[in-house]
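Chemist: Below you'll find the structure I mean.
The values are calculated or read from the model by the stated rules, or taken from the named source; none is laboratory data. Remember, predicted model here, so these are calculated numbers, not experimental data. In this analysis, Cβ positions are derived from the backbone assuming ideal geometry, glycine residues included, and neighbour counts consider all displayed protein chains.
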Amino acid sequence: MRASKVHCLGFLLFLIGILQCKAEARYTFVVEETPYTRLCSTKNILTVNGQFPGPTLYVHKGDTITVDVYNKAKYNITIHWHGVKQPRFPWSDGPEFITQCPIQPGAKFSQKVIFSTEEGTLWWHAHSDWSRATVHGAIVIYPKKDSSYPFPKPDAEVPIILGEWWKKPIMEVYHEMLISGGDPNISDAYTINGQPGDLHPCSKQDTFKLKVEQGKTYLLRIINAAMQDLLFFSIAKHSLTVVATDASYTKPLTRDIITISPGQTIDVLLKANQNPDHYYMAGRVYSSALGVVYDNTTTTAVVEYFGNYTPTSPPPLPQLPYYNDTSASVNFTGSLRSLASKEYPINVPKNITNRFVYTISINSFPCPNNSCAGPNGTRLAASVNNISFVNPSIDILQAYYYSINGVFGTRLPSFPPYIFNFTADVLPLNLETPKRGTEVKVLKYNSTVELVFQGTNLLAGTDHPMHLHGYSFYVVGWGLGNFDIKRDPLNFNLVDPPLQNTIAVPKNGWTAIRFRADNPGVWFMHCHIERHLSWGMDTAFIVRNGAPPSTQLLAPPPDMPPC
Ligand SMILES: [Cu+2]
């Protein structure tokens, strides 16, 4: 009797073990250099498991997984799970010098990835130097097993990863920019699922093809993994119905063209409802900065209907907006709405504890003898409330957790330190130079935040896709020109604002977001245009612990990469 009880207990523990193994799946990411050929030339790129784009992670809402990241390359690396909130566990969030020091060549870091409220599409990418150009992949988050989509189940699902390719090694492009102080080299092509497409040399045979059957519906999980630019995207003779962005469902929005900013994900339904034929899908840059060079090429893939027919040659190309068509961009982005239904309710903070206005600017520092490659011999920079972010010596999370002084400051201004006509055509030169610093903002647990990003026209006003780690936020308002603190809040959308982790603040305009600071930790916030990030358009929130232990930071894992 006694023995059988023990046996039962043993069997029960065995079962629980199996269940846990199932809930906590393990993946291996080996970061290594792999030769890839694009645009008629071959170079070594950093990959995960030899793949470009990298492997797709498939999870269900609420899963926790572990990814064992092995660095077999000769560069430092970190991996970030973009849009995954990692409740109470910033330790494996990934941004270099914010939540960890890099994984050094030969080292390994086991990263726990904790999914909670996210459902839809996210992605993972490197978060050190510019390695994310090729080190990235999709994350597909299915609904919980007993649940389904808030739209008819599509017949098939396909990740569409938009990327950016340089013939030069990306580290060279990055280091040349740092040394010269000027703009980086523009890319040679954009890519769809790693391929530049038919309009580029030596590319046609490998162009990505989406095979479709007439009458069926396809869920395209579109990710903008490009480094430097917002992109317009469209499919010839087909409309796209947006159903989610940044792993949060939206009211269906049907458009011929979408705009997607670096960091953002957009799920769309594509109905194969045209004559069986070949049709191009295409992506092209939306670049709003005056006088800044950009990659003006078009990337394509082909939607190919099954059946016996002679395809139109070449296939029809979609019409994309002009390169600097700000109204096309804001018209789309400003039309996104949360589902805000009974099954998918929203929870916009109404009583605001913390009100902030952050200017986001392109700046410049003087150079000795005007010897840099920025405007008038200066060095290009960028800032948040006039502070250009400097990477600390060790990561901010470690310094905060172990109370190590002198690593970061907590004095990021809550409001712009200088008030001027932020979006004027001409601005005094003396406003161009920011301060340098590693300043963050500390928030009380469960306090609420309303943050207005105010774009400025210093040097060259442009769109800034601002990304916050550890949270999704409600985009409650936006406008062109200067934010009016009295008038504009009256028009905020508190009914069905979209819930996003990245929002493109329009050129010479502003965007207001709200969130509740209920995830303790250190959370990076930065522009997702890679050169702006490198120039200092970055800061972080430190969200303090709450009183109950269940609202406090979890302990660090034993294998945090050493600084
Ligand atoms: Cu930016």
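Chemist: Could we say that Asn446 is assigned to a loop (DSSP other than H, G, I, E, B), touching a helix residue (DSSP H, G or I) at 6+ places or on another chain (Cβ under 8 Å) and more than 16 Å from the ligand (Cβ to nearest atom) here?
Modeler: Yes, satisfied.
Chemist: For segment 252-302, name all the residues that are hydrophobic (A, V, I, L, M, F, W, C) and either assigned to a loop (DSSP other than H, G, I, E, B) or in contact with a His (Cβ under 7 Å, 6 or more places away or on another chain) (or both).
Modeler: Leu270, Ala272, Ala289, Leu290, Val292, Val293, Val302
Chemist: Ok, one more. Right, Ile362: touching a residue at least 40 places away in the same chain (Cβ under 8 Å) and either within 16 Å of the ligand (Cβ to nearest atom) or β-branched (Val, Ile, Thr) (or both) or not?
Modeler: yes
Chemist: Being surrounded by 16 or more Cβ atoms within 10 Å (Cβ to Cβ), farther than 26 Å from Phe541 by Cα, of a type in the set (S, T, N, Q) and modelled with pLDDT of 95 or more narrows it down to one residue among Thr37, Thr78, Thr28, Thr47; which is it?
Modeler: The unique qualifying residue is Thr47.
Chemist: Go over the candidates Ile170, Ile179 one by one and state the one that is more than 30 Å from Pro558 (Cα to Cα), surrounded by fewer than 16 Cβ atoms within 10 Å (Cβ to Cβ) and of a type in the set (A, V, I, L, M, F, W, C).
Modeler: None of the other options fit; the residue is Ile179.
Chemist: Which one of these is within 16 Å of the ligand (Cβ to nearest atom), modelled with pLDDT of 95 or more and either hydrophobic (A, V, I, L, M, F, W, C) or on the phi > 0 side of the Ramachandran plot (or both): Leu412, Leu380?
Modeler: Leu380
Chemist: Mind checking which residues of segment 182-199 are among the aliphatic types (A, V, I, L, M) and assigned to a loop (DSSP other than H, G, I, E, B)?
Modeler: Across segment 182-199, the qualifying residues are Ile186, Leu199.
Chemist: Looking at (1) away from the ligand (no atom under 16 Å from the Cβ); (2) part of a loop (DSSP other than H, G, I, E, B); (3) in contact (Cβ under 8 Å) with a residue 60 or more places away in the chain, which is the one condition that is false for Ala460?
Modeler: Failing condition for Ala460: (1).
Chemist: Any idea which residue in segment 237-247 is surrounded by the fewest Cβ atoms within 10 Å (Cβ to Cβ), counting only those that are more than 14 Å from the chain's Cα centre (by Cα) and assigned to a strand (DSSP E or B)?
Modeler: The selected residue is Thr241.
Chemist: Here's something else I'd like to know. Go through segment 512-533 and give me each residue that's in contact with a His (Cβ under 8 Å, 6 or more places away or on another chain) and assigned to a loop (DSSP other than H, G, I, E, B).
Modeler: Matches in segment 512-533: His528, Ile529.
Chemist: Against the definition (polar (S, T, N, Q) and either without any contact (Cβ under 8 Å) to a residue 12 or more places away in the chain or out of contact with any Asp or Glu (no Cβ under 9 Å at 6 or more places or on another chain) (or both)), how does Gln86 come out, yes or no?
Modeler: Answer is no for this residue.
Chemist: Could you please let me know if Gly163 is within 28 Å of Leu46 (Cβ to Cβ), outside any loop (DSSP other than H, G, I, E, B) and in contact (Cβ under 8 Å) with a residue 40 or more places away in the chain?
Modeler: So Gly163 passes the test.
Chemist: Provide a single number: the residues in segment 411-443 that are over 19 Å from Phe389 (Cβ atoms), part of a loop (DSSP other than H, G, I, E, B) and not aliphatic (A, V, I, L, M).
Modeler: Residues flagged as over 19 Å from Phe389 (Cβ atoms), part of a loop (DSSP other than H, G, I, E, B) and not aliphatic (A, V, I, L, M) within segment 411-443 amount to 6.
Chemist: Separate question: For segment 324-336, check the following and say yes or no: at least one residue is aromatic (Phe, Trp, Tyr) and within 16 Å of the ligand (Cβ to nearest atom).
Modeler: There is no residue in segment 324-336 that is aromatic (Phe, Trp, Tyr) and within 16 Å of the ligand (Cβ to nearest atom).
Let's see how each residue does on (1) crowded, with 22+ Cβ neighbours inside 10 Å; (2) within 16 Å of the ligand (Cβ to nearest atom); (3) within 20 Å of the chain's Cα centre (by Cα):
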position	(1), (2), (3)
Ala504	yes, yes, yes
Gly509	yes, yes, no
Ala512	yes, no, yes
Glu530	yes, yes, yes
Asp538	yes, yes, yes
Ala547	no, no, no
Ser550	no, no, no
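Chemist: If Asp496 satisfies every condition in (1) among the acidic types (Asp, Glu); (2) part of a strand (DSSP E or B); (3) surrounded by fewer than 19 Cβ atoms within 10 Å (Cβ to Cβ) but one, which is the exception?
Modeler: With (1) among the acidic types (Asp, Glu); (2) part of a strand (DSSP E or B); (3) surrounded by fewer than 19 Cβ atoms within 10 Å (Cβ to Cβ) applied to Asp496, the lone miss is (2).
Chemist: Which residues, taken from segment 536-557, are of a type outside the set (Lys, Arg) and part of a loop (DSSP other than H, G, I, E, B)?
Modeler: Listed by number, the residues that qualify are Gly536, Met537, Asn545, Gly546, Ala547, Pro548, Gln552, Leu553, Leu554, Ala555, Pro556, Pro557.
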